[in-house]
Amino acid sequence: MLKTHGYAAHNNHSPLVPFSFERREPRPNDVQIEILFCGVCHSDIHQARNEWGSSTFPMVPGHEIIGKVTALGGAVSSFKIGEMVGVGCLVGSCRTCSDCKEHLEQFCNAATFTYNAPDNISGGSTYGGYSSQIVVDQHFVLHISDKLDPAAAAPLLCAGITTYSPLKHWQVGKGDKVGIVGLGGLGHMGVKLARAMGAHVVLFTTSASKVDDAIRLGAHEVVISKDTEAMQQHRLSFDFILNTVAAAHSLDSFTELLKRDGTLCLVGVPDHPHPSPAIGNLIFKRRKIAGSLIGGLKETQEMLDFCAEHNIVSDIEIIPIQQINQAYERMLKSDVKYRFVIDLASLNADGVGK
Ligand code: NAP
Ligand code: ZN
Ligand code: ZN
């Protein structure tokens, strides 16, 4: 077994603290990875605090993982020792159901999430990227272009694919007017990706202080979503709106901005439900409210390659792992521009070695 160090939550209300555990030795199809960087997703906070009611402890969060291959199982031929690779939200699925066959592993009933999920290979629970190393089946490991800065590429593994996948599914492109709601980790990737896909991009934010940044990141227009008059000026004009907000709020002010047959897609997962939407907003213009969950492995690789081609990475603030608890508090105040990324070399400072 491989001695591994990380940070864990031991219950839903205490700070994360240093934690040692063991990873499995690589099996024939496994890739062993030294973790260099791990992005901090709002889902990590939801789960460390058991806001979705499905947490098991101890929990090592983290599903935006970038690292270097340190060992390979005998059946692995598509990765090399020393190669930069990524691991996102998924480390397993059945590989045989219709979802898996259509490269939509995220919807597989047997999907294994990177942390806080039953580990059906080693037993116990899966442990995520706030740690020194990870061992993952090659099907769930992504190639990272050397054109991408490794630290800034980490958030692509969740924030990137979670916004790319719905933009592609709803065929966003040139001539479309697209809204992105919330300028956080997901939202800022949504702005960059929708812009690169050729859409006219409008960013909705509750934070007046983010207006200039939103334009710099690629938005054509910015609307303060609390400004009812500014919102009304966009009525009936959007083809698609992607809502990334992590807290419950009324959806009506966004559904009424959609054109006939337009879609409001939710990717934020608040701990409390949104108020029930006004049905009239939906039926009179045949509008839809939809949802989307990360993306499959094939599409995640496609997104990483798209980002390398279009020079897209996340805007990040690198932190040592010892600052993870303060980072959570700052994210809750929307005080992050626009993704925290943990430099795992900082684990050495705890005297446990990496
Ligand atoms: P984040 O970095 O904290 O960003 C969320 C943004 O939402 C904030 O920056 C803020 O933007 C806005 N916001 C926060 N509280 C708000 C409130 N009370 N009212 C209105 N707006 C508010 O979070 P994230 O990492 O992007 O994650 C966002 C959500 O997506 C989380 O719920 C997360 O669990 C979920 N998620 C879902 C998937 C999926 O597959 N569906 C994948 C990853 C994450 P402004 O300051 O611009 O208003
Ligand atoms: Zn995430
Ligand atoms: Zn399956």
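The values are calculated or read from the model by the stated rules, or taken from the named source; none is laboratory data. What you are looking at is a predicted structure, and each value in this text was computed from that prediction instead of being measured. Methodologically, a virtual Cβ is constructed for each residue, glycine included, from the backbone with ideal geometry; neighbour enumeration extends over all protein chains shown. Each accessible area value is taken on the protein alone, full model and side chains, heavy atoms only, with ligands, DNA and RNA left out. Shrake-Rupley method; radii C 1.70, N 1.55, O 1.52, S 1.80 Å.
Given the structure, is residue 83 over 12 Å from residue 136 (Cα atoms), surrounded by 15 or more Cβ atoms within 10 Å (Cβ to Cβ) and modelled with pLDDT of 95 or more? In short, yes.
Which of the residues that make up segment 115-153 are hydroxyl-bearing (Ser, Thr, Tyr) and surrounded by fewer than 21 Cβ atoms within 10 Å (Cβ to Cβ)?
122, 125, 145
Looking at segment 175-190, is at least one residue surrounded by fewer than 20 Cβ atoms within 10 Å (Cβ to Cβ), within 26 Å of residue 142 (Cβ to Cβ), assigned by TED's automatic domain parsing to the domain that holds residue 243 and not β-branched (Val, Ile, Thr)? No, every residue in segment 175-190 fails to be surrounded by fewer than 20 Cβ atoms within 10 Å (Cβ to Cβ), within 26 Å of residue 142 (Cβ to Cβ), assigned by TED's automatic domain parsing to the domain that holds residue 243 and not β-branched (Val, Ile, Thr).
Being of a type in the set (S, T, N, Q) and assigned to a loop (DSSP other than H, G, I, E, B) is the filter here; which residues of segment 215-267 pass it?
225, 233, 237, 244, 250
The combined condition, being open to solvent by less than 60 Å² (accessible area, probe 1.4 Å), over 18 Å from the mean Cα position of the chain (by Cα) and not assigned by TED's automatic domain parsing to the domain that holds residue 271, is not fulfilled by residue 102. For segment 280-297, the candidate set comprises residues that are among the basic types (Lys, Arg) and in contact with a helix residue (DSSP H, G or I) (Cβ under 9 Å, 6 or more places away or on another chain); within that set, the residue that is least open to solvent (accessible area, probe 1.4 Å) is 287. Taking segment 189-239 as the range and being farther than 18 Å from residue 175 by Cβ and among the charged types (D, E, K, R) as the test, the residues that pass are 192, 210, 212, 213, 216, 226, 227, 229, 235.
For segment 341-354, the set of residues classified as small (Gly, Ala, Ser), open to solvent by 50 Å² or more (accessible area, probe 1.4 Å) and not in a helix (DSSP H, G or I) consists of 351 only. Taken over segment 1-30, residues that are under 16 Å from residue 348 (Cα atoms) and open to solvent by 30 Å² or more (accessible area, probe 1.4 Å) amount to 5. Scan segment 300-340 for residues that are under 16 Å from the mean Cα position of the chain (by Cα), open to solvent by less than 40 Å² (accessible area, probe 1.4 Å) and either away from ligand 2 (no atom under 16 Å from the Cβ) or at pLDDT 95 or above (or both) and the total you get is 14.
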